[in-house]
Ligand SMILES: *Cc1c(COP(=O)(O)O)cnc(C)c1O
């Protein structure tokens, strides 16, 4: 058996602007006022690449990192202190507890049974999630008097806002409930706000904020528009260029017909990469500052673009998707969160920071 040679570079890459991430975190930390900003780096840092994101964020001054799954921890352990990593899903079984103990990573306790499991294993510092109205993860307020919580060593007591990106009464209801949680639960730090919650103002900041989306260029509320920069730039190689005649049909189900002779290009990106079919006939790429529109249907691995504006564009050139998140969300009907986390496994995320 011979070893496979290293794979050649991918025709898809997610260019990452480390300075933009650093600047976004610093802006959110400043907007958090008295509170310190942490960072949600779950789901591979929203698709950006958790390793490079955490390295950059740690360099910017971030000291608290949130992942969802225990499986997301291993890549981060060489980068930051284990106690700086919080696992939101909490210890669901003995294997999770054993891993937390061995690694020193802090679990977020979400239920009484998780609290019991953690205590039976000897306890140690942990975090606590309390539900104040999203009805997702977290202990109910009525459960807070349970003796099993009595001697937990709680670092961060947190709750999560359901609708911070909207101006609705629910925000104030959750804020007030969190205030009562603070009166009932002893903890070293309290935390309520996600990206949008930071823009709701000081009453939501507590001691630690937990931005995710806005770190990676998402605009969670209009107040954040001026200080958040795009971080991720999907880039794709042009595999083939072809000349069409008037009347030629493009792509699956021939949804586009050339109205005149035209030059088109075939890009190595498709819905399997997270560039979904909603971009059919609608998406836009960029080549040296010129707009290059998608024509016809996006297919699994390929997307066809109109090269009429860019006669100099050649096979092997790289094009950048127009992926400004608020605008791309409006155009595609996808959320900014989906746009980021969709970017698939075929993107190379290698980067030297
Ligand atoms: C994902 C998540 C965040 C970050 O939310 P954004 O809206 O992306 O800023 C914060 N807290 C918890 C508990 C989360 O699950």
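No value in this document is a laboratory result; all are computed from the given coordinates. From a predicted model like this one, the values you see are computed outputs, not experimental measurements. Backbone-built Cβ (ideal geometry, glycine too); neighbour counts: all protein chains shown.
What number results when the radius of gyration of segment 132-174, computed over Cα atoms, is divided by 2.2 N^0.38 Å?
Details: Rg = 12.8 Å, N = 43, 2.2 N^0.38 = 9.2 Å.
It is 1.39.
With the contact rule set at Cα under 8 Å and sequence spacing of 6 or more, what percent relative contact order holds for segment 29-183? Write out the running numbers ahead of the final one.
Values: 229 pairs, mean separation 21.9, N = 155.
Once divided by the residue count of segment 29-183, the mean separation gives 14 percent.
Simple spin-label model, 7 Å along Cα-to-Cβ: residue 317 to residue 121 in nm?
It works out to 5.5 nm between the two label points.
Ranked by Cβ crowding within 10 angstrom, fewest neighbours first, how are 151, 17 ordered?
151, 17
Kindly state, as a whole number, the per residue volume in cubic angstrom of the convex hull around the alpha carbon atoms of segment 18-221.
Values: hull volume 20.9 nm³, N = 204.
Dividing the Cα hull volume of segment 18-221 by its residues yields 103 Å³.
Picking from 226, 150, 49, which is most flexible by a Gaussian network model of the chain using Cα springs under 10 Å?
Of the options given, 226 has the highest mean-square fluctuation.
Can you tell me the 0 to 90 degree angle between the C-alpha axis of helix 50-60 and the longest principal axis of the chain, rounded to 10?
60
What is the helix-to-structure angle for 18-31, meaning the angle in degrees between its Cα long axis and the longest Cα principal axis of the chain, kept from 0 to 90 and rounded to the nearest 10?
40
Percent of Cα-Cα pairs more than 29 Å apart in the chain, please. Please list the in-between numbers first.
Values: 29582 of 62128 pairs.
That tail contains 48 percent of the Cα-Cα pairs.
Between residue 184 and residue 246, what is the label-point separation in nm under the 7 Å Cα-to-beta-carbon projection?
According to this spin-label approximation, the distance is 7.5 nm.
Please give the contour-minus-distance gain from residue 68 to residue 255: 0.36 nm per residue of separation, less the Cα-Cα distance, rounded to one decimal in nm. It would help to have the intermediate numbers written out before the result.
Numbers: separation 187, 0.36 × 187 = 67.32 nm, distance 4.06 nm.
That pair, residue 68 and residue 255, stretches by 63.3 nm at full extension.
For helix 94-103, what angle does its Cα long axis make with the longest principal axis of the chain, in degrees from 0 to 90 and rounded to 10?
Once rounded, one gets 90 degrees.
Classify segment 252-294 from the C-alpha gyration tensor, please: rounded if a/c falls under 1.5, else prolate or oblate depending on whether a/b exceeds b/c. Kindly include the intermediate steps, with their values, before the conclusion.
On the way: a/c = 1.96, a/b = 1.11, b/c = 1.77.
Taking the square roots of the gyration eigenvalues as a ≥ b ≥ c, segment 252-294 is oblate.
Two decimals is fine: what's Rg over Rh for segment 1-42, C-alpha atoms, Kirkwood radius as Rh? Please report the intermediate quantities before stating the final value.
Working: Rg = 18.7 Å, Rh = 14.0 Å.
Radius of gyration over Kirkwood radius for segment 1-42 works out to 1.34.
Hey, could you get me the Stokes-Einstein D for segment 35-141, Kirkwood radius over alpha-carbon pairs, 20 °C and 1.002 mPa s, rounded to whole µm² s⁻¹? It would help to have the intermediate numbers written out before the result.
Details: Rh = 14.1 Å.
Once the numbers are plugged in, D ends up at 152 µm²/s.
Quick one: the Cα spread of segment 83-143 along its three principal axes, in angstroms, biggest first?
Sorted largest first, the three principal extents are 34, 23, 16 Å.
Among 209, 320, 255, what is the fewest-to-most ranking by other Cβ atoms within 10 Å? Provide the component values of the computation, followed by the final result.
Details: 209 25, 320 16, 255 13.
Ranking 209, 320, 255 by Cβ neighbours within 10 Å, fewest first, gives 255, 320, 209.
What translational diffusion coefficient, in µm²/s and rounded to a whole number, does the Stokes-Einstein relation yield for segment 232-341 at 20 °C and a viscosity of 1.002 mPa s, taking the hydrodynamic radius as the Kirkwood radius over Cα pairs?
Numbers: Rh = 13.9 Å.
Approximately 154 µm²/s, per Stokes-Einstein.
Determine the equivalent ellipsoid of segment 98-196 by diagonalising the alpha-carbon gyration tensor, then write out the semi-axes as square roots of 5 times the eigenvalues, largest first, rounded to whole Å. Write out the running numbers ahead of the final one.
Details: eigenvalues 127, 40, 24 Å².
Each semi-axis is the square root of five times an eigenvalue, giving 25, 14, 11 Å.
I'd like the distance between the alpha-carbon centres of segment 103-120 and segment 35-101, rounded to an integer number of Å.
One Cα centre to the other: 16 Å.
How big is the C-alpha Rg of segment 164-260 next to the rule-of-thumb value 2.2 N^0.38 Å, as a ratio?
Expressed relative to 2.2 N^0.38 Å, the Cα Rg reads 1.91.
Could you check the spin-label model distance between residue 153 and residue 170? Points 7 Å from the Cα along Cα→Cβ, value in nm.
Placing both labels 7 Å beyond Cα along the Cβ direction yields 3.7 nm.
Send over the per residue convex hull volume for segment 210-277, Cα only, as a whole number of Å³. Please list the in-between numbers first.
Working: hull volume 10.7 nm³, N = 68.
Measuring per residue, one finds 157 Å³ for the Cα hull of segment 210-277.
Using the beta-carbon distance between residue 146 and residue 92 and R0 = 25 Å, what value does 1/(1 + (r/R0)^6) give for FRET efficiency, to the nearest 0.05? Walk me through the numbers before you get to the answer.
Numbers: r = 19 Å, r/R0 = 0.75.
Efficiency, rounded to the nearest 0.05: 0.85.
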